[in-house]
Amino acid sequence: MAFRILFFTLISLLPVCFLSPFGPKLAQSDGISDFVYLAENAAIPSFAFGWLDEKDTFAAGDVAIIKVKVLGNYERDKYGFAFNPNITVNGKMGNSSLISGVSSNFDANPIESDWRISFIPIMVGLFNVLVTDDHFYVLDSSLHFRVTPGFDL
């Protein structure tokens with residue numbers, strides 16, 4: 001009996017869900033704009049992220065370094081904007097109570113060497129760092145790292 005009530009309730013709500021302004025919208029495409037979008041963005045390089053020397057455990061106060069590998073042909077002057085990612089640790093962007101000293105080095109030729117993003121972890125625990133850049137469609141590059149207590153002087 002309860003199943004029938006639940007079933008009929010769900011069936012009766014479907015038209016309301018799809019007809020309301022808050023319901024899902026079906027994508028409409030003319031086909032041409034999708035092709036132009038793909039053609040314009042086909043040459044945008046991709047990026048791979050990892051820990052320098054595969055080191056993902058740091059003492060509080062150490063320097064943590066993320067290596068950035070450019071996958072594809074990156075031409076700095078071609079895009080009208082530089083690669084400038086945002087670093088978010090456990091939902092807090094940039095310098096925060098979790099990390100400080102966020103800096104990057106993207107001046108090297110990406111063919112000859114990897115780029116680097118560095119920061120200083122200051123709180124003990126297990127963390128997630130998210131690297132994003134809207135211009136280059138880097139949306140979900142996530143790395144985990146552990147911070148152990150630093151040493152006393």
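The values are calculated or read from the model by the stated rules, or taken from the named source; none is laboratory data. These numbers were taken from a predicted model, which means no experiment stands behind them. As a convention, Cβ positions derive from the backbone with ideal geometry for all residues, glycine included, and neighbour counts pool all protein chains shown. Accessible surface is based on the protein model in full, side chains and every heavy atom, while ligands, DNA and RNA are left aside. Shrake-Rupley method; radii C 1.70, N 1.55, O 1.52, S 1.80 Å.
Note on the range 129-147: residues that are in contact (Cβ under 8 Å) with a residue 12 or more places away in the chain and open to solvent by 50 Å² or more (accessible area, probe 1.4 Å) amount to 6. Among the criteria (1) open to solvent by 50 Å² or more (accessible area, probe 1.4 Å); (2) not in a loop (DSSP other than H, G, I, E, B), the one ASN95 does not fulfil is (2). Summed over the range 111-128, residues that are in contact (Cβ under 8 Å) with a residue 12 or more places away in the chain and of a type in the set (Ser, Thr, Tyr) total 1.
Residues that are open to solvent by 60 Å² or more (accessible area, probe 1.4 Å) and over 26 Å from ILE111 (Cβ atoms) are absent from the range 72-87. Return the residues of the range 119-140 that are assigned to a strand (DSSP E or B) and either touching a Phe, Trp or Tyr at 6+ places or on another chain (Cβ under 7 Å) or more than 17 Å from ASN90 (Cα to Cα) (or both); say none if nothing qualifies. Listed by number, the residues that qualify are PRO121, PHE127, VAL129, VAL131, ASP133, VAL138. Modelled with pLDDT of 95 or more and at negative phi, is that true of PHE58? Answer is yes for this residue.
Any residue at all in the range 100-118 that is over 15 Å from LYS67 (Cβ atoms), open to solvent by 20 Å² or more (accessible area, probe 1.4 Å) and in a loop (DSSP other than H, G, I, E, B)? Checked against the condition, which is being over 15 Å from LYS67 (Cβ atoms), open to solvent by 20 Å² or more (accessible area, probe 1.4 Å) and in a loop (DSSP other than H, G, I, E, B), the range 100-118 yields no hits at all.
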